[in-house]
Structure formats: C-alpha cells, structure tokens
Amino acid sequence: MKFSTALSPHVQPVNSVTRVMFEVIIALVPGVIALFWFFGWGVLINVVLAVITALMAESLILLVRGRPVWVSLKDLSAVVTAVLLAISLPAIAPWWVTVTGIIFAIVIAKHLYGGLGYNPFNPAMVGYVFLLVSFPLPMTSWPAMTGLGTMTLNFQDIAQLILFERIPENADYDALTMATPLDALKTQLSLQKSVLEAQSGAVFGYLAGKGWEWVSLAYLLGGLWLMVRKIINWHIPAGLILGISVISGICYLIDAQIYAPPMFHLFAGATMLGAFFIATDPVTAATTVKGRLIYGMMIGVLVYIIRVWGGYPDAVAFSVLLANLAAPALDYFTKPRVFGHRA
C-alpha cells in the first residue's frame, strides 16, 4: 500500500508571524478606542494615515531590494509598527509628522538592517525618537482631553488641522492643547510645588491623569489578553512594572513631596503600552528567561530616571532603545546551562 508522506516538518507550528501580529493588533483595539474616546478623531486619522504610509513604504523598499512584496506585506509587521507609532503621536500632529516618522521607521530602522528579524532596534520607537528630536513642538502638543478643553472639535475641524494645519475660526492653538499629566507634574515641581499641590490640577485623576489612566488600563487589558493567548511571556512586562515600581516606591518613601507615588508612574504616559506592546518585541528584546526579566527591569528603571531627572516627561522610547543595545549582552551572560554540563 502506498501512503502520501508530506515533507518535514511533520508537526506544523501553531504560531506564525501573521497570526502573532494580528493578535497584537486585536489587543491594541481597546487602547485605540480609549484614545479615540478621550482625544477624538485625530487618533483614528493618524492610525489610517500611518498604516497607508507604512504599506506604501514597505512595498517600495521591497521592490528596490528585489524581494517579494506580498509575502512581506501579509505578515502585518509593517501595520503593527504603524499603529504603535500612530498611537504614540499627539492626536493633532500634522500629517507630515506621521508620514515622516513611518518612513524613517520602515526604511531606516527596519530595512536598512535587513528587514524583519534583523533589526536591532524597535522600528516604531526609532521613528518616535527621530520625530521627538527633530520636531519637538508638534510632538509635545497634545490636544485637550474631551471635557477639559475650552472648545470641542468635530471630525472636519480635526481633519483640517491635521491635513492642512488650519486652525478653526475663532480658535487659538493654545486653547486646543493641554499638557500631559507627566509634563504638568514636571513643570509644577520645577516651580517648587509639592506633588500634592501639583496633582490638584485639572489634568490629574484618581490614579494618574484624567483619561490617561483609562487608556493605560485598556493597554493593560490588551496586554493580559496577549499573555493568555501566549503571544508574549510575562517576564518582560513583570520586570518593567517591578522595576519602575521599586525605584519610584523607594523615592516616594524618601520624600513624598517631590516624588510621585508608584501608581502615578504606572498609569501615566506610555508605561503600560511599553510594558506589553513595545518592550516585548521578540526581535529586539532579550530571549533568555533571566535576560527578559533583567531587560524589563532595566527599561522600568530607565523610564523613571529619565522622567524624574531627565529632560523628557516620558521616556519609554528612549529606555527601550537603550535596552535594545543591552539585549545581546543580556542573552550572552544569562544563557541557561546546557543539559549534562557542569555549572
């Protein structure tokens, strides 16, 4: 009797790049919805613009490199990079900021090093840091949260502001923007006010900042979903959360007047987004168990140090890129012992 035998591997893997990236996109949906709820249509416009630009840039660079286009596009890695960068940008950032950042992330940070699997740095964070250093004004101009601003913008107003940089009539640009909780806290502390006095402002909520805490909780929900689906391991998120909690807790116990409590640093800014969606990038992160824990803790500590004593209110992007540099060394020094060998 003749049997048809398939070529190896005979056991097909459960995960694929496309499936992993699709699961990440699904897990980001709660965070995107929360951002849209609190910051308006600009969030969705940025996401759509970023995805279109990423697909076009990916296609063009693949054609230049002589690589098959559809094979790479369908893995959805470019889409994930686009969404991560888009939701990190202010919701009223001009269109050219989004387009420039995406092109830099895809062409320079990803394909200059050989494409998916070869890039040593997280492409979305490279694009973000490039924009932050090059265009600090639009990158730090977040719109006033729904209910806190002096005027409400509809879809048409937001679209004109992003695409044509046209401010609505009888409106002032300063009236459309508002400092983030991290930025507001840093500014108030520089004016010799205490943390308690600083957090009495309109932008602060129960855990961190009004709206921002709900966005962080949405990212936390999506991150837990990724862990349940076994898309990511718990080591890096746990290490990052532990790292920022320990150092912020120590400083808070030393002087609660000038150091915010750990809960504020966990739910303000991009901590949860970084812990579950950015730091866990399998290409640029450490791979050993001990290495992942140290890698996550390193990012958490660096985030706090830059936030408190550095020049930027939030520091997830800088911290992740610095940890990317250390990932090969962490893997080298935390290699598990080969079975049968003496320690």
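The numbers here are math on the coordinates, done by the rules we state, and not lab data. This is a predicted model, so every value here is computed, not measured. Cβ sites come from the backbone with ideal geometry, for glycine too, and all protein chains shown count toward neighbours.
Between ILE258 and VAL133, what is the FRET efficiency for a Förster distance of 35 Å, r being their Cβ-Cβ separation, to the nearest 0.05? Intermediate values should be presented prior to the final figure.
Numbers: r = 28 Å, r/R0 = 0.79.
According to the calculation, E is roughly 0.80.
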Taking R0 as 45 Å, what's the FRET efficiency between ALA326 and PHE164 from their Cβ-Cβ distance, rounded to 0.05? 0.55
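What stretch of the chain, leaving out the sites themselves, is the longest with no GluC sites (Glu not before Pro) in a DSSP loop having at most 15 other Cβ atoms within 10 Å?
On the way: sites that count: GLU165, GLU169.
Longest gap between qualifying sites, sites excluded: 170-343.
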Name the residues whose placed amide hydrogens come within less than 5 Å of the amide hydrogen of THR177, ignoring near sequence neighbours (fewer than 5 apart) on the same chain. ALA144
Please report, largest first and rounded to whole Å, the three semi-axes of the ellipsoid equivalent to region 208-343, where each semi-axis is the square root of five times an eigenvalue of the C-alpha gyration tensor. 27, 18, 13
Take the Cα gyration tensor of the chain, multiply each eigenvalue by 5, square-root it, and list the three semi-axes largest first, rounded to whole angstrom. 35, 27, 17
Nearest 10, in degrees from 0 to 90: the angle of helix 235-254 to the longest Cα principal axis of the chain is 30 degrees
Using only the Cα atoms of region 87-228, build the gyration tensor, take square roots of its eigenvalues as a ≥ b ≥ c, and label the shape rounded, prolate or oblate: rounded if a/c is under 1.5, else prolate if a/b is larger than b/c, else oblate. oblate
Scalar couplings 3J(HN,Hα) for region 128-145 by Karplus 6.51 cos²θ - 1.76 cosθ + 1.60 (θ = phi - 60°), nearest whole Hz, x for Gly and Pro, are 5, 5, 4, 5, 5, 6, 7, 10, x, 5, x, 7, 10, 9, 7, x, 5, 5
Evaluate the relative contact order of the chain (contact order divided by residue number), counting alpha-carbon pairs under 8 angstrom at least 6 apart; express in whole percent. 17 percent
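Computed FRET efficiency, Cβ-Cβ of TRP309 and TYR206, R0 30 Å: what is it to the nearest 0.05?
Values: r = 26 Å, r/R0 = 0.88.
For R0 = 30 Å, the calculated efficiency reads 0.70.
Go through LYS74/LYS230; LYS186/LYS290; LYS110/LYS335; LYS230/LYS290 and tell me which ones have a Cα-Cα distance over 25 Å in this structure.
Values: LYS74/LYS230 21 Å; LYS186/LYS290 34 Å; LYS110/LYS335 27 Å; LYS230/LYS290 18 Å.
Violating the 25 Å limit, Cα to Cα: LYS186/LYS290; LYS110/LYS335.
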Using a Gaussian network model on the chain with a 10 Å cutoff between Cα atoms, which of THR271, THR180, THR100 fluctuates the most? THR100
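Any idea what the dipole of the chain comes to, in debye rounded to 20, about its Cα centre with Lys/Arg Cβ at +1 and Asp/Glu Cβ at -1? Show your work: numbers first, answer last.
On the way: 18 positive and 15 negative charges, 323 e Å.
With only Lys, Arg, Asp and Glu charged at Cβ, the dipole is about 1560 debye.
Work out how much length THR187 to TYR118 would gain on full extension: take 0.36 nm times their residue separation and subtract the Cα-Cα distance, in nm to one decimal.
On the way: separation 69, 0.36 × 69 = 24.84 nm, distance 3.99 nm.
Going from the current span to full extension adds 20.9 nm.
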Nearest 10, in degrees from 0 to 90: the angle of helix 316-333 to the longest Cα principal axis of the chain is 30 degrees
Rounded to two decimals, what is the ratio between the C-alpha radius of gyration of region 164-258 and 2.2 N^0.38 Å? 1.44
Of the candidates PHE39, SER16, LEU28, the farthest towards the positive dipole end of region 10-144 (Lys/Arg Cβ +1, Asp/Glu Cβ -1, centred on the Cα centre) is SER16
